[in-house]
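Encoded as C-alpha cells, the structure appears first; notes follow it.
The values are calculated or read from the model by the stated rules, or taken from the named source; none is laboratory data. Predicted, not measured: the structure shown is a model, and the values here were computed from it. Reconstructed Cβ throughout: ideal geometry from the backbone, glycine too, with neighbour counts over all protein chains shown. Note: areas computed on protein heavy atoms with side chains; ligands, DNA, RNA excluded. Shrake-Rupley method; radii C 1.70, N 1.55, O 1.52, S 1.80 Å.
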Amino acid sequence: MPQDDPPVTALSPVYAAGTALVDLGTAELFVVTVLRLWADPAPPADWPGGFRAAGAAAGGAPAFGALMWIVGGAACRPLDVHARHCPELGRDEGMLLRLISLLQRDRAVAAAAVLAEWLPPAAVRLAARGGLALAAALADAGLVVPLRHAEAAALSRLAACAHATQGLALLQ
C-alpha cells in the first residue's frame with residue numbers, strides 16, 4: 001500500500017546539477033555505471049555483468065532491462081545520461097537514483113511522480129513494475145540508494161561560496 005508522500009516538485013532535483021561522482025556512495029555509483037553502460041551505443045557493453053558481479057543478476061538485470069526498455073522507448077524527451085568516463089552526474093542519472101531510493105522505501109506516489117517526468121501516464125504504470133523489482137533486487141544485494149532531499153542538493157552550491165561571507169561560513 002503506498003504511503004502518503006509529501007508532494008514532489010517536478011523542478012526540484014535531488015542531485016545538484018554537475019554532482020561529482022566522487023561524492024556518491026557505492027549503490028549510487030553502481031546504478032550510474034550500469035545506466036551508462038546500458039546507454040552507450042558502441043561498443044556494446046555487458047551491463048548485465050555488473051548485476052552478476054554485485055550478486056543481483058537474478059532479479060536485477062531483467063528488472064533494469066524492463067525499466068529501461070520502457071523509459072528508453074517511451075520517454076517524452078531525450079535522456080540526459082553522460083558518457084562512461086564523465087566525472088559528473090547527468091540529470092536523468094540523478095532521477096533514476098531518486099526513483100530507486102523512493103521505491104526502496106515504499107514511496108510509490110513520489111516514485112510515480114519521478115517516472116512521470118519521463119513518461120506518459122500509461123507508461124508510468126508499466127515502468128513502475130520494473131522499477132520496483134529493480135529496487136528490491138538492489139536492496140537484496142545490499143545496494144541501498146540513500147534518500148536524498150532537494151535541500152541537500154542546494155548545500156553543495158552554498159558551500160562553494162561560503163568563504164565569501166562570514167555569516168555563511170559560520171553556517172557551514
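Structure notes:
- Criterion applied to VAL124, VAL71 was being modelled with pLDDT of 95 or more, farther than 21 Å from THR33 by Cα and of a type outside the set (Lys, Arg), and the one residue passing it is VAL124.
- Residue within segment 76-87 that is outside any strand (DSSP E or B), in contact with a Pro (Cβ under 9 Å, 6 or more places away or on another chain) and exposed (fewer than 14 other Cβ atoms within 10 Å of the Cβ) present: yes
- Among (1) in contact (Cβ under 8 Å) with a residue 40 or more places away in the chain; (2) outside any helix (DSSP H, G or I), the one test that LEU37 misses: (2)
- Of all residue pairs spaced 6 or more apart or on separate chains, none has beta-carbon atoms under 7 Å together with a first member in segment 67-80 that is among the hydroxyl-bearing types (Ser, Thr, Tyr) and a second member that is open to solvent by less than 50 Å² (accessible area, probe 1.4 Å) and in a loop (DSSP other than H, G, I, E, B).
- Put simply, of GLY94, GLY65 the only residue that is part of a helix (DSSP H, G or I), farther than 18 Å from PRO13 by Cα and of a type outside the set (Lys, Arg) is GLY65.
- Scope segment 88-103; condition surrounded by fewer than 19 Cβ atoms within 10 Å (Cβ to Cβ) and in contact with a Leu (Cβ under 8 Å, 6 or more places away or on another chain); matching residues: GLU88
- Checklist (1) in a helix (DSSP H, G or I); (2) open to solvent by 10 Å² or more (accessible area, probe 1.4 Å) applied to ASP106, failing item: (1)
- Of the criteria (1) under 15 Å from ALA135 (Cβ atoms); (2) surrounded by 19 or more Cβ atoms within 10 Å (Cβ to Cβ); (3) aliphatic (A, V, I, L, M), which one ALA113 fails: (1)
- Qualifying positions in segment 19-34 - aliphatic (A, V, I, L, M), assigned to a helix (DSSP H, G or I) and crowded, with 20+ Cβ neighbours inside 10 Å: ALA27, VAL31, VAL32, VAL34
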